[in-house]
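**Q** Sharing a structure, written as structure tokens. Questions coming.
The values are calculated or read from the model by the stated rules, or taken from the named source; none is laboratory data. None of these values were measured; they are calculated from a predicted model. All Cβ positions, even for glycine, are placed from backbone atoms using ideal geometry, and neighbour counts span all protein chains on display. For accessibility, only protein heavy atoms count, side chains too; no ligands or nucleic acids. Shrake-Rupley method; radii C 1.70, N 1.55, O 1.52, S 1.80 Å.
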Amino acid sequence: MTLCDYHTHTSFSFDGAPDSTPDSLCRRALEIGLTDLCITDHCDVNGEAEGIYDPYQADAAWEAMTAAQEKYRGRLYLTRGIELGNASQYPEVARAVLARHPYEFVIGSLHNLRGVPDFAMLKFEEMTPALVAQLFDRALDETAEMIRFPGLSTLGHLTYIHRYITLAGQAFDFKPYYEKIRAIFRLLMERDMALELNVSTLWRGLGIGMPTLELLKLYADCGGRLVTIGSDAHCPANLGRAIRKGYALLAAAGLPHVTVIREGERVELPVE
Ligand SMILES: [Zn+2]
Ligand SMILES: [Zn+2]
């Protein structure tokens, strides 16, 4: 049985735990039986451009990922990736980030709307349903814009905003947004991009994936097939958590495979 985790962070990006390094993640991966690992440190382009986070240590990260890839070759498929945040907000910065190293896997994520802080910082519990709906709608529009940015492999946590709506105790109905979400799925397929299932909400006990089972089914109904999966671990202890639960969600949605990169080639691994 194969097992992969394609969304993980180290201390080379601003919010990784000090004990999280490419080497410590690889060691942990072998302990828990992962066959495929991708390291995807944060580089939010608005963070780089506006100086709101410590800059991504791209060269040191690349060197450490490359060294780990050599060290663990034959025991673990390690892919050198990046989580590129909000690419279309500063496309020149984003292009420069991707030009720096030949990343083998790029997660495109939207962590905040233009001119608005990260969704994690917003107080959804104090918002009216109409305002929440407006932000969700804008998040879909900005996601559709972002995935047109060249060089992305997968769309990270499509419903990141929904994590915080859920944490605020608010129910949310996706149905009014089906047409916009279908358009995003069609765009992914046209661009040969995958959809990520991010399971951090599962191991954090929220009982939902990002995206939810409902939206994974919608993706399958639209003809979507390419899926990647990740724990979004920021320390070795969280590596691989809830990946098997995520596999079960994918199987329930009618999505039988997850995609990984092995020696530069895209490979489909069965989820059951
Ligand atoms: Zn993210
Ligand atoms: Zn992440």
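**Q** For segment 127-248, which whole-number percentage of the solvent-accessible area (1.4 Å probe, protein heavy atoms only) is attributable to carbon and sulfur atoms? Provide the component values of the computation, followed by the final result.
**A** On the way: 2500 of 4680 Å².
Within segment 127-248, the accessible surface is 53 percent carbon and sulfur.
**Q** How far apart, in nm, are the 7 Å Cα→Cβ label points at LEU213 and ASP137?
**A** Using points 7 Å along Cα→Cβ, the separation is 3.0 nm.
**Q** Given a cut-off of under 8 Å on Cα pairs at least six residues apart, what relative contact order in percent is computed for segment 55-191? Could you put the intermediate results ahead of the total?
**A** On the way: 128 pairs, mean separation 32.1, N = 137.
Answer for segment 55-191 is 23 percent.
**Q** Given contacts defined as C-alpha pairs under 8 Å and at least six residues apart, what's the relative contact order of the chain, whole-number percent? Walk me through the numbers before you get to the answer.
**A** On the way: 525 pairs, mean separation 54.6, N = 272.
Relative contact order here is 20 percent.
**Q** Same structure, new question: Enumerate lysine pairs in the chain that are 8 or more residues apart or on different chains, then count those whose Cα atoms are under 30 Å apart.
**A** Step by step, the pairs that qualify in the chain add up to 10.
**Q** Kindly identify segment 102-172 as rounded, prolate or oblate by the Cα gyration tensor criterion: order the square roots of the eigenvalues as a ≥ b ≥ c, call it rounded if a/c is under 1.5, otherwise compare a/b with b/c, prolate if a/b is larger, else oblate.
**A** Working: a/c = 2.56, a/b = 2.13, b/c = 1.20.
Verdict is prolate for segment 102-172.
**Q** A further question follows. Which distance in nm do the two modelled labels at ALA171 and LYS71 give, with both placed 7 Å along the Cα-to-Cβ direction?
**A** With each label placed 7 Å out from Cα toward Cβ, I get 5.0 nm.
**Q** Related question: Under the definition of Cα pairs under 8 Å and six or more residues apart, what whole-number percent is the relative contact order of segment 1-93?
**A** On the way: 160 pairs, mean separation 31.8, N = 93.
For segment 1-93, the relative contact order is 34 percent.
**Q** At 1.4 Å probe size, with every protein chain present, just tell me what the per residue accessible area of the chain comes to in Å². Spell out each step's value before the answer.
**A** Numbers: 11120 Å² over 272 residues.
Accessible area per residue, the chain: 41 Å².
**Q** 222 nm [θ] for the chain, helices only, -39500 (n - 2.57) per DSSP H run of 4+, per residue, to 500?
**A** Values: 10 runs with 104 residues, N = 272.
Roughly -11500 deg cm²/dmol at 222 nm, from the helical runs in the chain.
**Q** Starting from the Cα of GLU263, step 7 Å along the direction of its Cβ; do the same at LEU187; then give the gap between the two resulting points in nm.
**A** Placing both labels 7 Å along Cα→Cβ, they lie 3.6 nm apart.
**Q** Right, next: Rounded to the nearest 0.05, what FRET efficiency do LYS245 and GLU92 have when you use their Cβ-Cβ distance and R0 = 35 Å?
**A** On the way: r = 39 Å, r/R0 = 1.13.
Plugging the Cβ-Cβ distance into 1/(1 + (r/R0)^6) gives 0.35.
**Q** Ok, one more. How compact is segment 4-270 by the rule of thumb for globular proteins, expressed as Cα Rg over 2.2 N^0.38 Å? Working shown, then result.
**A** On the way: Rg = 17.3 Å, N = 267, 2.2 N^0.38 = 18.4 Å.
This ratio for segment 4-270 stands at 0.94.
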